[in-house]
Every structure is written in C-alpha cells, then in structure tokens.
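Since the structure comes first, as structure tokens, the remarks are kept for the end.
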Amino acid sequence: IDAEVRQGSNVAETAAEAGIRHVVYGAAGVSDQPTGVGSWDSKLVIALRFRELGLPLTVLRPMAFMELMTDQGYYPQFSTWHLMPKLMGPTRPVGWLCVDDLGAIAARMFADPERWSGAVLGLASDVQSIDECRTLWQEQTGRKPRGLPMPEKLFERFVGKDLTTMWRWLQTGQFDMSTQATREVLPEARTIKEWLTQRPK
C-alpha cells in the first residue's frame with residue numbers, strides 16, 4: 001500500500017511538472033471517506049495529491065470486475081467462488097463492471113475533459129450477488145463455477161489481508177451501487193449475462 005501511494009504521488013508530481021491538462025485516475029473504493037480497506041484508502045491519498053497540485057482530475061471507481069469470475073490471475077476458484085461469498089455473504093449484492101467497459105468509459109472522459117474534470121464516478125453496469133452470478137454462470141455454461149475451499153489464513157499468506165478485509169467490510173458496508181452513472185456515460189455497458197454470453201468459450 002505504501003509503495004502504491006509513493007508511486008501515485010510520483011506520477012502526480014511528474015504530471016504537474018509536465019503540464020498535463022487532464023488526469024483520468026482509475027481508482028477503487030466506495031466513498032471519499034476512509035474505510036480501513038488499504039487498497040481503497042490509498043487511492044484517496046493519491047487523488048488528494050493530484051488535487052493539491054492543481055491537476056484537473058477525473059476519478060473512476062469501478063466496482064468488482066467481472067473478470068474476477070474467470071481470469072486465473074485472480075484465482076477465482078479460491079477467491080470469487082469461495083472466500084468472497086464466505087466472508088461477505090453469498091446473497092449480498094455486488095456491483096460489477098467488465099474491464100473493456102471501464103476502458104471505453106475512460107476514453108470518453110479523455111475525449112471531453114471540460115465536462116468530466118472534477119467528476120468522481122462510481123461505476124457498475126450490473127448488480128448481482130455471488131449466488132446470482134453462480135446461477136447466471138450455470139445458465140450460460142451448463143455447469144457450476146468451480147470453487148475450491150482454502151482456509152482464510154492460508155489465502156492471506158499468499159495475497160495479504162487486504163482482500164479479506166474488503167470482503168468483511170462489504171458484508172455490512174452501505175454505499176451506492178446504482179448503475180445510472182455508468183449507463184449515462186456508456187449505455188451499452190454489459191450486464192453479467194451479456195458479458196458471459198460474449199466472452200470466448
């Protein structure tokens with residue numbers, strides 16, 4: 001987390017020195033207030049540094065990436081399909097966005113800096129619980145997503161405690177998961193069902 005803050009601050013200072021006229025920052029999190037989730041709170045610090053330096057800033061806060069269900073780099077069998085619902089709750093609503101749609105939204109921010117400079121956008125194109133995602137997955141693939149049990153402490157040994165802290169926070173945390181802002185920018189942003197249908201088999 002400290003390394004991320006240092007890197008973000010260095011980028012902000014370099015951008016200011018170079019006279020950059022608009023920064024679109026791909027962040028994370030659920031509000032402008034600290035939550036105790038390190039990977040969210042660090043991005044508040046970085047965004048503040050951009051503002052302190054007077055840089056025109058747009059902050060994008062995508063919620064969970066749909067790719068968390070599929071990409072092996074995220075270890076979905078241990079995380080998304082096992083520990084995440086175990087700690088957060090399998091019926092707890094989750095906001096989702098696919099990475100391609102995040103890229104398309106960012107491009108629209110860059111294309112219209114006068115409109116979007118200063119904006120902070122929470123982004124989700126669909127809201128589904130993990131149980132609902134399991135059902136959609138099975139409908140599209142004909143099989144259940146594969147989840148494998150892993151003890152929480154062992155998982156933390158591999159990836160640290162940030163994710164488990166986040167999932168516990170999401171169990172009861174209250175925040176806006178509306179898809180309205182996303183749809184206003186990118187009406188064609190995909191739902192989970194659409195994304196599962198379109199992804200390579």
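The values are calculated or read from the model by the stated rules, or taken from the named source; none is laboratory data. Nothing here was measured: the structure is a model prediction, and the numbers come from that model. Reconstructed Cβ throughout: ideal geometry from the backbone, glycine too, with neighbour counts over all protein chains shown.
Need the failing condition index for PRO76 against (1) modelled with pLDDT of 95 or more; (2) touching a helix residue (DSSP H, G or I) at 6+ places or on another chain (Cβ under 6 Å); (3) not polar (S, T, N, Q), just the number.
(1)
What is the residue count in segment 2-34 for residues that are exposed (fewer than 14 other Cβ atoms within 10 Å of the Cβ), within 30 Å of SER178 (Cα to Cα) and of a type in the set (A, V, I, L, M, F, W, C)?
Of the residues in that region, 0 qualify.
Looking at (1) at pLDDT 95 or above; (2) of a type outside the set (Asp, Glu); (3) under 18 Å from VAL120 (Cα atoms), can you tell me which one MET84 breaks?
(3)
Out of (1) among the aliphatic types (A, V, I, L, M); (2) under 22 Å from MET109 (Cα atoms); (3) touching a residue at least 60 places away in the same chain (Cβ under 8 Å), what's the single condition that is false for ALA18?
(3)
For the subset of segment 114-131 comprising residues that are touching a strand residue (DSSP E or B) at 6+ places or on another chain (Cβ under 8 Å) and not in a strand (DSSP E or B), which member is farthest from LEU186 (Cα to Cα)?
The extreme case among them is ILE130.
Quick check on segment 131-148. Is at least one of its residues in contact with a helix residue (DSSP H, G or I) (Cβ under 7 Å, 6 or more places away or on another chain), within 27 Å of GLY36 (Cβ to Cβ) and at pLDDT 95 or above?
yes
On the basis of being part of a loop (DSSP other than H, G, I, E, B), at pLDDT 95 or above and within 18 Å of the chain's Cα centre (by Cα), does ALA107 make the cut?
No; evaluated as a whole, the condition is false for this residue.
Do any residues in segment 1-15 that are touching a residue at least 12 places away in the same chain (Cβ under 8 Å) have Cβ atoms under 6 Å from those of residues that are among the β-branched types (Val, Ile, Thr) and in a helix (DSSP H, G or I), where the two are at least six apart or on different chains, and which pairs are they?
VAL5/VAL45; GLY8/ILE46
Among (1) in contact (Cβ under 8 Å) with a residue 40 or more places away in the chain; (2) under 30 Å from LEU148 (Cβ atoms); (3) surrounded by 15 or more Cβ atoms within 10 Å (Cβ to Cβ), where does ARG49 come up short?
Of everything listed in (1) in contact (Cβ under 8 Å) with a residue 40 or more places away in the chain; (2) under 30 Å from LEU148 (Cβ atoms); (3) surrounded by 15 or more Cβ atoms within 10 Å (Cβ to Cβ), ARG49 misses just condition (2).
Can you name every residue in segment 71-104 that is surrounded by fewer than 18 Cβ atoms within 10 Å (Cβ to Cβ), part of a helix (DSSP H, G or I) and among the acidic types (Asp, Glu)?
Hit for segment 71-104 is ASP100, nothing else.
In this structure, does ARG168 turn out to be surrounded by 13 or more Cβ atoms within 10 Å (Cβ to Cβ) and closer than 28 Å to GLY103 by Cβ?
In short, no.
Filter segment 1-60 for residues that are hydroxyl-bearing (Ser, Thr, Tyr) and assigned to a loop (DSSP other than H, G, I, E, B); which is farthest from the chain's Cα centre (by Cα)?
THR35
Of the numbered conditions (1) surrounded by 14 or more Cβ atoms within 10 Å (Cβ to Cβ); (2) closer than 19 Å to MET66 by Cα; (3) at pLDDT 95 or above; (4) not charged (D, E, K, R), MET177 fails exactly one; give the number of that condition.
Every condition holds for MET177 apart from (3).
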